[in-house]
Amino acid sequence: GNVAEINMLLTAMLRYAGIHADPVILSTKSNGYTYAMYPLISKFNYTISRAVINGKEYFLDPTNTQMGFGILSPECYNGHARIIDASATPLNLVSDSLKEKKLTSVLLVNDEKGNLTGSLSKMAGYFESLLLRKKFREADGFNSYASDVKKAASMEIEIEKLRVDSLDILEMPLKVDYGFTIPAPHEDVLYFSPMMGEGWKENPFKSANRFYPVEMPYTIDQTFLLRMDVPTGYTVDELPKQIRMKLNERNDGFFEYLITESSGVISMRCRLTLSRSYYMPEEYDLLREFFAMVVEKQGEQIVFKKK
């Protein structure tokens with residue numbers, strides 16, 4: 001059946017099981033807005049199911065088999081929706097209620113041969129996890145992911161013990177862990193990208209002008225942590241400059257890039273947050289400049305010089 005038929009069937013099954021359930025009609029982002037004052041039926045193009053269990057509300061859509069229980073596609077979070085009950089109760093499904101939270105930590109130490117050996121642990125955001133699950137389930141998914149990591153690294157790198165947690169637990173974000181080795185360098189000047197390929201590669205806001213609002217699928221909270229030994233036989237010649245900045249006076253966005261070196265150990269913390277998903281055209285220049293700085297800082301390298 002189509003989306004509406006499948007969700008109506010789910011609603012009927014839940015009611016048969018004694019669970020309070022109702023259909024919900026909405027308009028997806030690609031279909032445009034509906035208005036609470038004029039809820040024209042022709043403006044709605046999607047149906048989901050709402051279940052209330054022990055006083056808690058769950059929004060369900062079994063047509064997307066890769067989504068966990070109670071999780072909808074960001075396409076469904078488009079403002080005004082209606083519960084099909086006796087009162088046609090209005091709902092407000094907004095992208096600001098979705099947060100894509102990601103945490104990456106990297107540890108790098110010198111071994112007795114002068115190599116840098118390390119580990120990376122990444123707790124991906126939920127919607128990034130959907131893409132990663134699809135990749136890892138492909139025939140050569142693990143090798144393909146390791147190949148992508150090698151390409152993104154600024155130095156020669158060997159990946160080992162790649163492990164993925166919660167691959168089949170759809171309600172959970174995916175966790176990726178792997179060990180890696182950077183062979184002992186011999187160059188007089190060594191360049192190292194501390195973000196390990198995990199940063200923003202390009203500014204998503206390329207156009208110089210914007211006449212319509214910016215609608216993001218969710219808010220974001222991304223944190224990257226690094227602790228590494230200065231490579232054996234080298235000293236730090238140049239570190240990226242530290243920075244803290246706000247998107248605007250209301251602090252709707254925040255970026256910090258903090259990096260220090262002490263006693264041969266480099267520590268770094270990089271965090272990016274956006275607490276809003278919707279921005280008016282007059283805010284576009286601020287947003288574009290903000291992300292330009294994020295891309296620039298996350299692309300900077302540490303320079304090591306041979307002793």
Subject >> Options MET196, MET172, MET155; residue that is at positive phi and touching a residue at least 24 places away in the same chain (Cβ under 8 Å) >> reply: MET196
Subject >> Residues being under 31 Å from the mean Cα position of the chain (by Cα) and either at pLDDT below 90 or within 20 Å of VAL236 (Cβ to Cβ) (or both) - total across the range 186-198 >> reply: 8
**OP:** Please give the strands (runs of 3 or more DSSP E) falling wholly within the range 56-156 in which 1 or more residues are basic (Lys, Arg) and open to solvent by less than 50 Å² (accessible area, probe 1.4 Å).
**Re:** 79-83, 99-110, 116-123
Original post:
So which of PRO173, PRO183 is open to solvent by less than 90 Å² (accessible area, probe 1.4 Å), of a type outside the set (A, V, I, L, M) and more than 18 Å from the chain's Cα centre (by Cα)?
Top reply: PRO183
Original post:
Taking LEU162, is it at pLDDT 95 or above and assigned to a strand (DSSP E or B)?
Top reply: no
Original post:
If a residue has to be touching a residue at least 40 places away in the same chain (Cβ under 8 Å), exposed (fewer than 15 other Cβ atoms within 10 Å of the Cβ) and touching a His at 6+ places or on another chain (Cβ under 6 Å) to count, how many in the range 25-55 make the cut?
Top reply: 1
Original post:
Do we have any residue at all in the range 252-275 that's open to solvent by 30 Å² or more (accessible area, probe 1.4 Å), farther than 18 Å from SER207 by Cβ, under 24 Å from the mean Cα position of the chain (by Cα) and aliphatic (A, V, I, L, M)?
Top reply: yes
**OP:** Could you tell me whether THR11 is among the polar types (S, T, N, Q), modelled with pLDDT under 95 and under 21 Å from PRO90 (Cα atoms)?
**Re:** no
Original post:
With respect to the numbered conditions (1) closer than 20 Å to ASN110 by Cβ; (2) modelled with pLDDT of 95 or more; (3) buried (at least 17 other Cβ atoms within 10 Å of the Cβ), which one is the sole condition not fulfilled by LEU225?
Top reply: (3)
Original post:
Somewhere in the range 239-252, is a residue part of a strand (DSSP E or B) and either touching a Leu at 6+ places or on another chain (Cβ under 7 Å) or among the hydrophobic types (A, V, I, L, M, F, W, C) (or both)?
Top reply: yes
**OP:** For TYR278, indicate whether it is aromatic (Phe, Trp, Tyr), in contact with a strand residue (DSSP E or B) (Cβ under 7 Å, 6 or more places away or on another chain) and open to solvent by less than 20 Å² (accessible area, probe 1.4 Å).
**Re:** no
**OP:** Among the candidates TYR178, TYR212, single out the residue that is exposed (fewer than 15 other Cβ atoms within 10 Å of the Cβ) and either polar (S, T, N, Q) or touching a residue at least 24 places away in the same chain (Cβ under 8 Å) (or both).
**Re:** TYR212
Original post:
How many residues, within the range 189-232, are of a type in the set (A, V, I, L, M, F, W, C) and more than 30 Å from PHE304 (Cα to Cα)?
Top reply: 6
Original post:
Do the conditions hold for LEU247, that is, is it crowded, with 16+ Cβ neighbours inside 10 Å and under 23 Å from the mean Cα position of the chain (by Cα)?
Top reply: yes
**OP:** Could you please give the count of residues in the range 94-131 that are more than 17 Å from SER277 (Cα to Cα) and either small (Gly, Ala, Ser) or touching a helix residue (DSSP H, G or I) at 6+ places or on another chain (Cβ under 7 Å) (or both)?
**Re:** 7
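The values are calculated or read from the model by the stated rules, or taken from the named source; none is laboratory data. What you see is a predicted model; the values in this text were computed from it and never measured. Note that we place each Cβ from the backbone using ideal geometry, even for glycine, and neighbour counts take in every protein chain shown. Protein only, heavy atoms only, side chains kept; ligands, DNA and RNA dropped before computing areas. Shrake-Rupley method; radii C 1.70, N 1.55, O 1.52, S 1.80 Å.
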